[in-house]
Amino acid sequence: MTRLELKNHQVWQDLTEILQSLDANLLVQEHLDQCDYKVCGYWDEQDEYYEKITLPRTLEAELVNSSIGVTDKERFLQLKFLVFAYS
């Protein structure tokens, strides 16, 4: 895979504008609704693996990182969230 850095490219300003207008809570809630709040293949803080976990339905999400990836076959946007349970 070839690595290319475009530090001052317009794509970063466009991405920043898109991410600032993104409602992280809504995006995460819609995704979790579609998968019935189940996550497959989860590693916890003690490196214990779980085949499937079910998350509580009272969650808040915060977007903490984003990146763009490019391979020979695809281009993708990776978003990383912190998810907090609240009562």
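Rule-based calculations on the coordinates, nothing more; no lab input. Predicted model, so just to flag it, every value in this text is computed and none were measured. In this analysis, Cβ positions are derived from the backbone assuming ideal geometry, glycine residues included, and neighbour counts consider all displayed protein chains.
The strands (runs of 3 or more DSSP E) found entirely in the chain that carry 2 or more residues being of a type in the set (Gly, Ala, Ser) are 59-70. Within the stretch 38-63, if we keep just the residues that are under 15 Å from ALA85 (Cβ atoms) and among the aliphatic types (A, V, I, L, M), the residue that is surrounded by the most Cβ atoms within 10 Å (Cβ to Cβ) turns out to be ALA61.
The condition of being without any contact (Cβ under 8 Å) to a residue 12 or more places away in the chain and at positive phi does not hold for GLY69.
Of the residues LYS52, LYS80, LYS7, LYS73, the single one that is under 15 Å from the mean Cα position of the chain (by Cα) and basic (Lys, Arg) is LYS80.
Scanning the stretch 24-37 for residues that are closer than 15 Å to PHE84 by Cα and loosely packed, with under 12 Cβ neighbours inside 10 Å yields a count of 1.
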